[in-house]
Amino acid sequence: MATSTTRRGISAVTFALGLSLVLAACGGDDDDSGDGGDGDTAGGIGAGAECEDLSAEYGDLSGTEITMYSTIIAPEDEPLEASFDKFEECTGATIVYEGSDEFEAQLPVRVEGGTPPDMAILPQPGLLRTLVEDYPDAVVPAPEAVEANVDEFFSPDWKAYGEVDGTFYAAPFGANVKSFVWYSPPAFEEAGYEVPETWDEMIALSDQIVEDGGKPWCAGVGSGEATGWPATDWVEDVVLRTAGADVYDQWVAHEIPFNDPQIIEAIDTVGEILKNDDYVNGGLGDVASIATTRFEDAGLPITLGQCYMHRQASFYAANWPEGTEVAEDGDIFAFYLPPIDPAQGSPVLGGGEFVAAFSDRPEVQAFQAYMATADWHNERASGPNFVSANREVPLDAYDSPINRLSAELLQDEDTVFRFDASDLMPGAVGTGSFWTGMVDWLTGSSTQEVADAIENSWPAQ
């Protein structure tokens, strides 16, 4: 089993390796066909591989340790660590995992201090670019075996998110759909409410809940040093629905300013819900309580009948209390956040993580390659709280109904998909002023003040 440390006071692990290994698998495959004699794919293994396949591919790694760091904390870390078991058991390597909700702030500190983890799961392509640009040679370009697997199993768009200035560094890890509203099917049925299919219907439903004496919405943006990010997702979803994908792309690239009137309109539209005292914050407090409520706790009032809706990504499924059935006919499920302007279609906001390395030791490269295989993604997809952009993962691989729905949306050719804007923006904005600005907005600052301050924080080009 992977060894885990958490943010609850356990420090990062230090280690020493006394073993030098040479792994041919990490050097790439000279066979342009990408097929081995036993039918294995380039740089990886086929789905359902047994230990002998892993051992043959990656060698004996007994006595080695690979440290991994990410934002993924309890309870979401358990299935992640379980997905490392096969690699550990079959190669003899030990994966030392640490999750932290201060990841974005602490990873650069560790890199600058010369003590980075061997591998990190980066939640923003923007953070990857920042690390590559600010700390030259710290992030190791992905070896051939990793790139071969990504070329084999992922779309060019997803590969591009892991590139900086033409160099490929990080393979896709997981994907998520953020355009969801969580609700309780039994509570809706008992109250006679129907899932809305348009934004106007959703607002009308909110008004009806208020008239019936309830609070329609609950929300929270607390996330340690990453506090504020859930509110940025709200804004991004609405920009897609009001201004459209082309304007969204211009906004991300700073071809229009952050305080463009179209962005102001989107933030104000979000404010019609999140800054509406009649609508929020069911079971948690007033509007300002959104800023201090941890995002993991924000949807839980639904289970207590204190609110009816909570907008959050597919990965929120891991936060419902033990024993909660997440299914269309279960205790909790989610519906697609409805469109606003029919001319903009039905856009889907999503995100994803990427695996980067700060060491080129053979065992690290081996584990990188393994995590980019269809084998690992299929196995991880069968567990909770994971959606893959790997094209070899079929919909029936997902045991979770919400993950299956997410994968179905991502694979739908009619879906207008856009990656989380704050994840693509420069770190000073995307994981800085945009996050903190939304907290200021929730606690009293005006839309114009916040948008102006974020625009002024954009790095000079």
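The values are calculated or read from the model by the stated rules, or taken from the named source; none is laboratory data. Predicted, not measured: the structure shown is a model, and the values here were computed from it. Positions of Cβ are backbone-derived with ideal geometry, glycine not excepted, and every protein chain shown enters the neighbour counts. Quick note on the areas: whole protein, heavy atoms, side chains included, nothing else; ligands and nucleic acids left out. Shrake-Rupley method; radii C 1.70, N 1.55, O 1.52, S 1.80 Å.
Things to note:
- From the options 219, 204, residue that is of a type in the set (A, V, I, L, M, F, W, C), closer than 30 Å to residue 272 by Cα and in a loop (DSSP other than H, G, I, E, B): 219
- Here residue 176 meets each of (1) outside any strand (DSSP E or B); (2) under 22 Å from the mean Cα position of the chain (by Cα) with one exception, condition (1).
- Residue satisfying condition, being open to solvent by less than 10 Å² (accessible area, probe 1.4 Å) and not β-branched (Val, Ile, Thr), within set 226, 243: 226
- Count - residues of segment 295-352 that are under 22 Å from the mean Cα position of the chain (by Cα) and β-branched (Val, Ile, Thr): 3
- Taking segment 157-172 as the range and being open to solvent by 10 Å² or more (accessible area, probe 1.4 Å), touching a residue at least 12 places away in the same chain (Cβ under 8 Å), closer than 28 Å to residue 346 by Cα and not charged (D, E, K, R) as the test, the residues that pass are 158, 161.
- When segment 179-201 is limited to residues that are in a loop (DSSP other than H, G, I, E, B) and of a type in the set (Gly, Ala, Ser), the one that is most open to solvent (accessible area, probe 1.4 Å) turns out to be 192.
- Annotation: residue 268 fulfils all but one of (1) out of contact with any helix residue (DSSP H, G or I) (no Cβ under 6 Å at 6 or more places or on another chain); (2) over 22 Å from residue 351 (Cα atoms); (3) not hydrophobic (A, V, I, L, M, F, W, C); the unmet one is (1).
- Where a residue in segment 60-84 is among the acidic types (Asp, Glu) and its partner, wherever it lies, is in a helix (DSSP H, G or I), with Cβ under 8 Å and at least six apart: 60/91; 76/315; 76/318
- In segment 266-290, residue farthest from residue 442 (Cα to Cα) [restricted to those that are open to solvent by less than 10 Å² (accessible area, probe 1.4 Å) and not in a loop (DSSP other than H, G, I, E, B)]: 266
- Those residues of segment 412-445 which are charged (D, E, K, R) and more than 20 Å from the chain's Cα centre (by Cα), in sequence order: 413, 414, 440
- Test: residue in segment 293-313 that is assigned to a strand (DSSP E or B), open to solvent by 20 Å² or more (accessible area, probe 1.4 Å) and touching a residue at least 24 places away in the same chain (Cβ under 8 Å): yes
- Matching residues in segment 191-242 - criterion: being touching a strand residue (DSSP E or B) at 6+ places or on another chain (Cβ under 7 Å) and among the basic types (Lys, Arg): 241
- Taking segment 251-265 as the range and being open to solvent by 10 Å² or more (accessible area, probe 1.4 Å), in a helix (DSSP H, G or I) and in contact with a helix residue (DSSP H, G or I) (Cβ under 9 Å, 6 or more places away or on another chain) as the test, the residues that pass are 252, 262, 264, 265.
- A search for C-beta distances below 7 Å between a residue of segment 246-266 that is touching a residue at least 40 places away in the same chain (Cβ under 8 Å) and over 21 Å from residue 124 (Cβ atoms) and any residue that is of a type in the set (A, V, I, L, M) and not in a loop (DSSP other than H, G, I, E, B), counting only pairs 6+ apart in sequence or on different chains, returns 259/451; 264/451.
- Of all the residues in segment 335-385, those that are open to solvent by 10 Å² or more (accessible area, probe 1.4 Å), of a type in the set (A, V, I, L, M, F, W, C) and part of a loop (DSSP other than H, G, I, E, B) number 2.
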